[in-house]
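Asks: One structure, pasted below without further comment.
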Amino acid sequence: MKTKYFLLPALIVALLQSGALYAMIEKHAMILRHGTMITLATQPVDPRDLLRGEYVRLGYGISSVEADKVSGTKPDTAGLADIYVTLKEGADGRWGFTGASWQKRRDLAAGEVQMHGQTLTSAMGVFAVQYGIERYYLPEGWGRAVEKVQSERGVDAVIAVSSAGEAQIRSLKYNGRLLYQEPAY
């Protein structure tokens, strides 16, 4: 008799948990399917942590933004501050920095994309910006191979950027050839 009273709440909790998990996966997949694809050159970063699984750490040229290149009014916050970095495709097919703002810009020029990042402090006039694409998990056995190629030849990351500026890594390339592509699910 008492089991009957716990069945409905347990079913509701299970459905809510499943729905939340599905929403997180679908948000990631939507950015990969419908985001604007840009290519960024990566820079080698310190070696991976063996205790956290197969992943590579990626650095980008747009991860350091000079303070005098940021427009707008910096938020008065003690924690992480939102920053919006504007990018444009270069002649080599890689996207590069064109500007940054503390507030989301609504006046982007044709061919520009805006990425949302977060920064904490400015060391010697430079903001270290994180976009959430600095760590890339790979299937077992791929991490060391990608790190080796990255340190020897350089790797480009193809990034999907949503209209809100959220970024997800779509694939890794070197010399224009596909090295690894993220599945949508």
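The values are calculated or read from the model by the stated rules, or taken from the named source; none is laboratory data. Just so we're clear, the structure is a prediction, and the values are computed from it rather than from any experiment. Note that each Cβ is placed from the backbone with ideal geometry, even for glycine, and that neighbours are counted across all protein chains shown. For the accessible areas, the whole protein counts, side chains as well, though only heavy atoms, and no ligand, DNA or RNA atoms are used. Shrake-Rupley method; radii C 1.70, N 1.55, O 1.52, S 1.80 Å.
Asks: Are there any pairs, at least 6 apart or on different chains, whose C-beta atoms fall under 8 Å, with the first in the range 54-72 and more than 17 Å from GLN130 (Cα to Cα) and in contact (Cβ under 8 Å) with a residue 60 or more places away in the chain and the second open to solvent by 40 Å² or more (accessible area, probe 1.4 Å) and of a type in the set (A, V, I, L, M, F, W, C), and if so, which?
Replies: Within 8 Å, the pairs are GLU54/TRP142.
Asks: Moving on. Can you tell me which residue among VAL85, VAL161 is in contact with a helix residue (DSSP H, G or I) (Cβ under 6 Å, 6 or more places away or on another chain), of a type in the set (A, V, I, L, M, F, W, C) and under 30 Å from ALA23 (Cα atoms)?
Replies: Going through VAL85, VAL161 in turn, the sole match is VAL85.
Asks: Give the residue that is nearest to THR39 (Cα to Cα), with candidates limited to residues of the range 157-181 that are surrounded by fewer than 20 Cβ atoms within 10 Å (Cβ to Cβ) and touching a Lys or Arg at 6+ places or on another chain (Cβ under 6 Å).
Replies: VAL158
Asks: Also, quick follow-up: Counting only residues that are charged (D, E, K, R) and modelled with pLDDT of 90 or more, which one in the range 54-86 is least open to solvent (accessible area, probe 1.4 Å)?
Replies: Going residue by residue through the range 54-86, those that are charged (D, E, K, R) are 54, 57, 66, 68-69, 74, 76, 82.
Those left that are additionally modelled with pLDDT of 90 or more: 66, 68-69, 82.
Working: GLU66: 95, ASP68: 126, LYS69: 106, ASP82: 60 Å².
Once the filter is applied, the top-ranked residue is ASP82.
Asks: Can you say whether VAL113 is within 17 Å of ARG170 (Cβ to Cβ), surrounded by 13 or more Cβ atoms within 10 Å (Cβ to Cβ) and aliphatic (A, V, I, L, M), as far as the supplied structure shows?
Replies: Details: within 17 Å of ARG170 (Cβ to Cβ): yes; surrounded by 13 or more Cβ atoms within 10 Å (Cβ to Cβ): yes; aliphatic (A, V, I, L, M): yes.
Spelling it out, VAL113 is indeed within 17 Å of ARG170 (Cβ to Cβ), surrounded by 13 or more Cβ atoms within 10 Å (Cβ to Cβ) and aliphatic (A, V, I, L, M).
Asks: For GLY125, indicate whether it is surrounded by fewer than 13 Cβ atoms within 10 Å (Cβ to Cβ) and on the phi > 0 side of the Ramachandran plot. Reasoning before the result, please.
Replies: Numbers: surrounded by fewer than 13 Cβ atoms within 10 Å (Cβ to Cβ): yes; on the phi > 0 side of the Ramachandran plot: yes.
When the stated conditions are applied, GLY125 passes them.
Asks: Checking TYR137 against (1) within 19 Å of the chain's Cα centre (by Cα); (2) at pLDDT 90 or above; (3) surrounded by fewer than 14 Cβ atoms within 10 Å (Cβ to Cβ): exactly one of these is not met. Which one?
Replies: Among (1) within 19 Å of the chain's Cα centre (by Cα); (2) at pLDDT 90 or above; (3) surrounded by fewer than 14 Cβ atoms within 10 Å (Cβ to Cβ), the lone unmet condition for TYR137 is (2).
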